[in-house]
């Protein structure tokens, strides 16, 4: 059974089932429904220029818009209603329209340009204070003054206010002017070139590099040939009589027997020159540098009373028994019994 009601928008009769009425239906079509919803959001206003009544969305009226019925009236009315006021930053006269006046709290109608607006925002929370070096006024943030931090007008004043010390370079003798910092006691050279030239012969630098290298090796997993070498050292001398990655002067050697002053190194075929030698070719410059370092290391350790045994990577992998005999012979030559427990 259908029920007859009046459309809530056009007033025409509309026949609806009772179930539709329970859901709140009161329009004859979707067109009337949308027209009614739109009318609820629209208010009637009088144009401030010509007095004509017109409709405007409620949201625009709340925001201060919808003062005129047309663009022509808006142009005529805005010329009459404009207000003159000073720029909030530079003080220059500023002419604004009523809509901008309504939005003054949100930043509109306060400044004559974007530059003045940005400058005003930058100055928020700042104040003038004298430079600690020259006394000129400098603008800093209020929090910096409250924390008691020093304020300077320029980098020159900040640098000039720091304590300085003159010290000769240990390599070339040039006078260095050093600023007092936490690391001032470590400055011994005037520049990177003097540091590099003195690096190879300075005991303090070599000792520091040796410590860094030892820490790196402690964190590094042993290579395949190093693992084989460690197993052979356990078999030859016992696990308690030798040490792996042993720091010796300015180097960290692969294995050492301190009680017999014996060093055992596991050298890679490529990086220590065996591959190039077998092929009859000149080694790569990096490999050549490694070879020269190996020779210098052997010469230094031999002068200090240490014996050096170098085993190739291919020998350790393919002929470990022969390498074990060489290690055992080197230990016996270094001084009597190898120290291996009879147990």
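When residues in segment 258-284 are screened for being surrounded by 14 or more Cβ atoms within 10 Å (Cβ to Cβ) and free of Cβ contacts under 8 Å to residues at least 12 places away in the same chain, 4 of them pass. Please specify each residue of segment 107-128 satisfying the condition of being touching a helix residue (DSSP H, G or I) at 6+ places or on another chain (Cβ under 8 Å) and surrounded by 11 or more Cβ atoms within 10 Å (Cβ to Cβ). Matches in segment 107-128: 107, 108, 109, 110, 111, 126, 127.
Any idea how many residues of segment 149-169 are in a loop (DSSP other than H, G, I, E, B) and either surrounded by 15 or more Cβ atoms within 10 Å (Cβ to Cβ) or touching a helix residue (DSSP H, G or I) at 6+ places or on another chain (Cβ under 7 Å) (or both)?
Qualifying residue count for the region: 4.
Each row is one residue, and each column tells you yes or no for (1) assigned to a loop (DSSP other than H, G, I, E, B); (2) touching a helix residue (DSSP H, G or I) at 6+ places or on another chain (Cβ under 8 Å); (3) within 25 Å of residue 209 (Cα to Cα).
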residue	(1), (2), (3)
269	yes, yes, no
276	no, yes, no
293	no, no, yes
296	no, no, yes
328	no, yes, no
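Report yes if some residue within segment 237-260 is over 30 Å from residue 203 (Cα atoms) and in contact with a helix residue (DSSP H, G or I) (Cβ under 7 Å, 6 or more places away or on another chain); otherwise report no. Yes - at least one qualifying residue is present in segment 237-260.
This table checks each residue for (1) touching a residue at least 60 places away in the same chain (Cβ under 8 Å); (2) in contact with a strand residue (DSSP E or B) (Cβ under 7 Å, 6 or more places away or on another chain); (3) assigned to a loop (DSSP other than H, G, I, E, B).
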site: 15; (1), (2), (3): no, yes, no
site: 27; (1), (2), (3): no, no, yes
site: 32; (1), (2), (3): no, no, no
site: 51; (1), (2), (3): no, no, yes
site: 61; (1), (2), (3): no, yes, no
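Of 38, 71, all but one fail to be farther than 30 Å from residue 109 by Cβ and within 55 Å of the chain's Cα centre (by Cα); the exception is 38. I'm told residue 95 meets every condition in (1) at pLDDT 75 or above; (2) part of a strand (DSSP E or B); (3) closer than 30 Å to residue 112 by Cα except one. Can you identify the failing condition by its number? Tallying (1) at pLDDT 75 or above; (2) part of a strand (DSSP E or B); (3) closer than 30 Å to residue 112 by Cα, residue 95 fails exactly one: (1). Under the condition of being at pLDDT below 80 and over 38 Å from the mean Cα position of the chain (by Cα), which residue from segment 106-124 is farthest from residue 62 (Cα to Cα)? This residue is 110. Taking segment 313-328 as the range and being closer than 13 Å to residue 232 by Cα and without any contact (Cβ under 8 Å) to a residue 12 or more places away in the chain as the test, the residues that pass are 315, 319, 321, 322, 325.
The values are calculated or read from the model by the stated rules, or taken from the named source; none is laboratory data. Just so you know, these numbers come straight off a predicted model, no measurement behind them. With ideal geometry, Cβ positions are generated from the backbone for all residues, glycine too; neighbour counts draw on all protein chains shown.
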